1. Quick check on Arg158: is it part of a strand (DSSP E or B), open to solvent by 30 Å² or more (accessible area, probe 1.4 Å) and at pLDDT 95 or above?
2. Answer yes if at least one residue in the stretch 128-139 is within 18 Å of Ser24 (Cα to Cα), in a loop (DSSP other than H, G, I, E, B), open to solvent by 40 Å² or more (accessible area, probe 1.4 Å) and not hydrophobic (A, V, I, L, M, F, W, C), and no otherwise.
3. Here are Val26, Val77, Val15: which of them is β-branched (Val, Ile, Thr), surrounded by fewer than 23 Cβ atoms within 10 Å (Cβ to Cβ), touching a Leu at 6+ places or on another chain (Cβ under 9 Å) and assigned to a strand (DSSP E or B)?
4. Mind checking whether some residue in the stretch 39-51 is within 23 Å of Pro129 (Cα to Cα), at pLDDT 95 or above and touching an Asp or Glu at 6+ places or on another chain (Cβ under 6 Å)?
5. Testing Asp119 on (1) surrounded by fewer than 17 Cβ atoms within 10 Å (Cβ to Cβ); (2) in a loop (DSSP other than H, G, I, E, B); (3) among the acidic types (Asp, Glu), one condition comes back false. Which one is that?
6. Could you say which residue among Phe65, Phe114 is of a type in the set (Phe, Trp, Tyr), closer than 18 Å to Val18 by Cβ and open to solvent by less than 20 Å² (accessible area, probe 1.4 Å)?
7. Might you check whether a residue that is open to solvent by 40 Å² or more (accessible area, probe 1.4 Å), without any contact (Cβ under 8 Å) to a residue 12 or more places away in the chain, under 24 Å from Phe220 (Cα atoms) and among the hydrophobic types (A, V, I, L, M, F, W, C) occurs anywhere in the stretch 196-204?
8. Please determine, by comparing only the residues of the stretch 29-53 that are surrounded by fewer than 16 Cβ atoms within 10 Å (Cβ to Cβ) and among the polar types (S, T, N, Q), which one is farthest from Ser125 (Cα to Cα).
Amino acid sequence: MKFSRQTTLRSQATVVGVGVHSGSPVSLTIGPASVDAGLVFVRTALEGGDREVQATARSVIATEFQTVLGDSEGPLVSTVEHVLAALRGMGIDNATIEIDGPEAPIMDGSAAAFVTAIDQAGIVSQSAPRRYIQVLKPVQVAIGDSFGELRPHSQGFRAEVEIDFANPVIGRQTYAVELSPEAFRRELARARTFGCMNDVARLWRAGFALGASLENSIVFDEERLLNPEGLRFADECVRHKVLDVVGDLALAGLPLLGAYRSVRGGHKVNHAVLTALLADRSAWREVEA
C-alpha cells in the first residue's frame, strides 16, 4: 500500500475521442474531488442540467460488452472501465469525471491516455486516511463456463486472469499481477481491447462496435493479427482483461484488499463477483490504512 492517505487530482485534464460502440465524439475531463467523495461521473450537456452518478456497483445497469452506469432515469455513461482502471490503478481515491456524451472515449483502446491525463493533472494527498474493503473469506460466482472468485490476500490487491479463446491466434493466456501504480503503468495501462473479425457483423447488428477500428482495437482473423504495428505485449489480450478487472472492481467504491481470479471472465462475471461480495457482510470489512 503506497499511500496511507486518500488522494485526488491537483487540477483538471481533458481527453477527447470517440466512443468505441457509439462512434460519437466525446470529451472527458478528470478533476479533483473532496475527501471521501469517491469516483463520480458527471454527465454534462443534458437537457434539464447535469446529472451525477457514483461509480459503484449499485450504479451498474448493464455489463454486455461494456460496463454501463446509470440511475433511476436510465443509463448515463457507458464503457467506463478503462478510465476507472486508470484512476484505481494509479491510486486515485477521489475524482470527478465530467463527460459530455453517453460513452467514455476509447482513445487507442487502452488506459494509456487516461494515465497521461492523470500525470498532467497531478496527484495530491488529502487529510483523511485511505479506506479499504478487506476481503475476509472467498466469494465465488460461475456463469456458464466462466468463473470468478475474490479471496483474502494479505498484500494489497492481486489479479489472476485466464482467457481461453477458440480463435487459435489468441488461444489460452494467463497473467497475474500485484497491483501498484508502478505495475499498472508498466504492465497494464497500454494493453488494448481486442476482438475477432468473425464477431464484427454480430456486434454491428446488436448496435455495438460502431466506432471500432484498427486505431483503437486489436483485431484477429482465424490465422493472424490484422494490426500492421503488431502487439505491444506478446500476451496483450490477457493483460487487457486484467485492466478491465481493475476498472470493474473499482466499482467496489473503495480499493480492495484481496485477490481476484477469473477464468474466461468478462464484465458480467467481474460485476457478479463484486456484487456477491458486497451482499455478504460476513465476507468483508472496511479498514483504514
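The values are calculated or read from the model by the stated rules, or taken from the named source; none is laboratory data. Worth saying up front: this structure is predicted, and the values here are computed from it rather than measured. FYI the Cβ positions are ideal-geometry reconstructions off the backbone, even for glycines, and counts take in every protein chain you see. To get the accessible areas, we keep the full protein, side chains included, count just its heavy atoms, and leave off ligands, DNA and RNA. Shrake-Rupley method; radii C 1.70, N 1.55, O 1.52, S 1.80 Å.
1. Working: part of a strand (DSSP E or B): yes; open to solvent by 30 Å² or more (accessible area, probe 1.4 Å): yes; at pLDDT 95 or above: yes.
Yes, satisfied.
2. So in the stretch 128-139, the residues within 18 Å of Ser24 (Cα to Cα) come out as none.
The answer is no, given that none of the residues of the stretch 128-139 is within 18 Å of Ser24 (Cα to Cα), in a loop (DSSP other than H, G, I, E, B), open to solvent by 40 Å² or more (accessible area, probe 1.4 Å) and not hydrophobic (A, V, I, L, M, F, W, C).
3. Details: Val26 fails: touching a Leu at 6+ places or on another chain (Cβ under 9 Å); Val77 fails: surrounded by fewer than 23 Cβ atoms within 10 Å (Cβ to Cβ).
Just one listed residue meets the conditions, Val15.
4. Within the stretch 39-51, one or more residues are within 23 Å of Pro129 (Cα to Cα), at pLDDT 95 or above and touching an Asp or Glu at 6+ places or on another chain (Cβ under 6 Å).
5. Unmet condition: (2).
6. Details: Phe65 fails: open to solvent by less than 20 Å² (accessible area, probe 1.4 Å).
Going through Phe65, Phe114 in turn, the sole match is Phe114.
7. Our first condition is that a residue be open to solvent by 40 Å² or more (accessible area, probe 1.4 Å); within the stretch 196-204, this holds for 197-199, 201-202, 204.
Narrowing further to those that are without any contact (Cβ under 8 Å) to a residue 12 or more places away in the chain: 199, 201-202, 204.
Of the ones still in play, those that are also under 24 Å from Phe220 (Cα atoms) are 199, 201-202, 204.
Those still in the list that are among the hydrophobic types (A, V, I, L, M, F, W, C) too: 201, 204.
Checked against the condition, which is being open to solvent by 40 Å² or more (accessible area, probe 1.4 Å), without any contact (Cβ under 8 Å) to a residue 12 or more places away in the chain, under 24 Å from Phe220 (Cα atoms) and among the hydrophobic types (A, V, I, L, M, F, W, C), the stretch 196-204 yields at least one hit.
8. Thr44
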